[in-house]
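One structure is given here, and the rest of the page talks about it.
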Amino acid sequence: MVVWIENPFDNLPLEGFRAQRYWLMSAAFASLGHRVVYWTSDFSHSRKRKRCLQDDFFGFGFELKFVETVPYRKNVSFARIRSHRLYAAKWKSLCIDYAKSNPPPDVVIVSSPPLATGDVALFLKRTFSCKVVADMMDAWPQTFERLFPKYLRFLGKVFFTSFYKMQKRLLLSADLVTGVSARYAHLAKVLGVRSFHLAYHAIELSGSSLPQREHGGRTRIVYAGSLGRTYDLKTVIKAVSTLENCELSIAGDGESLPMLKRLVSDLNCGDKVFFTGYLPDKELRSLFEVSDIGVIPMSEESFVGMPYKIADYSASSLAIASSLKGESAQLLSEYGAGILYRYGDAADCARAIVELSNDIFEKKLSSARMARERFDSSLVYAGYVEKVQRIVSLDRR
């Protein structure tokens, strides 16, 4: 079958990053002989700059197509919303042109967010009589409401009315709804979706994911990802500044970087906190190999159910200190792979780091087991492909 997969946000292996959800998904379909087109943005969401890459025709087992995208500087901005709308319009135009000389899709898998692409996917469904799979990788516009002060959140439903309509239209019109967390499954069912396929963010596990060294000396903590408003690294830096034999490496970039550097200077902890910028996959894995604890400094207010980071960290057998409640906290507890601390509480964050350090080798072993059982991409995306194949083959019969 012909499978079109769309997502503008994931990093690409061509840029030196590890393969993420939609690349791995594309490869999983292609490995079974399906003809796959992976549509993505020519703008790097994480680096906030244009990609110097060109379309590739099945060089990876699937076709990679880039959609021209208007840049934006901040994740939370009207410029980003405008960019998404223009991206969706451009994707629609490219799809129409592409189908003139190539087989039309049997199924379109569209990520949500962005929201504007949902209507394009439904247009393709009507035009080509294909199936549509809506893959919930985040909860938009529910997340937007949490940007309002609590006393003004009642305005969210009104302010984001058009976004709620787009979300509901896609989820209720899709032939299958999938997503990265049980939290999104609940949200989808509240909106009227009858069935939901859960597929966590997954990662390729290379060889043994067991700890490579015994713990000793300084406890090494790492954070890898965006330095945006969603992530409370201030609390982590404050916690580390109070601890002996402890250091923190921050591998990422974003709008909060200048503020975080000022905080490190004010706390006089430059000998404990290091900023590496974004690291290519090989260098990031090397950093993980010599680290002990991965930190997830997120609030329940973010509405994130299961972040990419939990798979990244556990695949490198890192113990995890997290402030994100709910599903991910339950998973860490189930496996004994990490400890929850109170969001925004530096003293409690320090307490979690100390507790993990005292039992670090066992925690790392538990984290490695969690990766093998819950985040192995060969298992997660094999199940995903099987589910999608079923809805297409049933229609054909």
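Here are some notes:
- Among the residues of the stretch 352-397, those that are small (Gly, Ala, Ser) and in contact with an Asp or Glu (Cβ under 9 Å, 6 or more places away or on another chain) comprise Ser357, Ser377, Ser378.
- Residue within the stretch 205-217 that is touching a strand residue (DSSP E or B) at 6+ places or on another chain (Cβ under 6 Å) and under 18 Å from Gln20 (Cβ atoms) present: yes
- Flag for Ala139 being in contact with a Phe, Trp or Tyr (Cβ under 6 Å, 6 or more places away or on another chain) and open to solvent by 20 Å² or more (accessible area, probe 1.4 Å): no
- Residue list for the stretch 67-82, restricted to those being in contact (Cβ under 8 Å) with a residue 40 or more places away in the chain and within 16 Å of Val120 (Cα to Cα): Val67, Thr69
- Single residue of Arg126, Arg85, Arg169, Arg153 found to be surrounded by fewer than 19 Cβ atoms within 10 Å (Cβ to Cβ), part of a helix (DSSP H, G or I), modelled with pLDDT of 95 or more and touching a helix residue (DSSP H, G or I) at 6+ places or on another chain (Cβ under 6 Å): Arg85
- Tabulated pairs, the stretch 249-277, first touching a residue at least 24 places away in the same chain (Cβ under 8 Å) and open to solvent by less than 60 Å² (accessible area, probe 1.4 Å), second in a strand (DSSP E or B) and acidic (Asp, Glu), C-beta under 6 angstrom, 6+ apart or interchain: Lys272/Glu247
- In the stretch 88-111, residue surrounded by the fewest Cβ atoms within 10 Å (Cβ to Cβ) [restricted to those that are among the small types (Gly, Ala, Ser) and out of contact with any helix residue (DSSP H, G or I) (no Cβ under 6 Å at 6 or more places or on another chain)]: Ser101
- All positions within the stretch 286-333 that are touching a helix residue (DSSP H, G or I) at 6+ places or on another chain (Cβ under 8 Å) and in a strand (DSSP E or B): Ile293, Gly294, Val295, Ile296, Ala319, Ile320, Ala321, Ser322
The values are calculated or read from the model by the stated rules, or taken from the named source; none is laboratory data. In this text, all values refer to a predicted model and were calculated from it rather than measured experimentally. We place every Cβ from the backbone using ideal geometry, glycine too, and count neighbours over all the protein chains shown. Heads up: the accessible areas ignore ligands, DNA and RNA and are worked out on the full protein's heavy atoms, side chains in. Shrake-Rupley method; radii C 1.70, N 1.55, O 1.52, S 1.80 Å.
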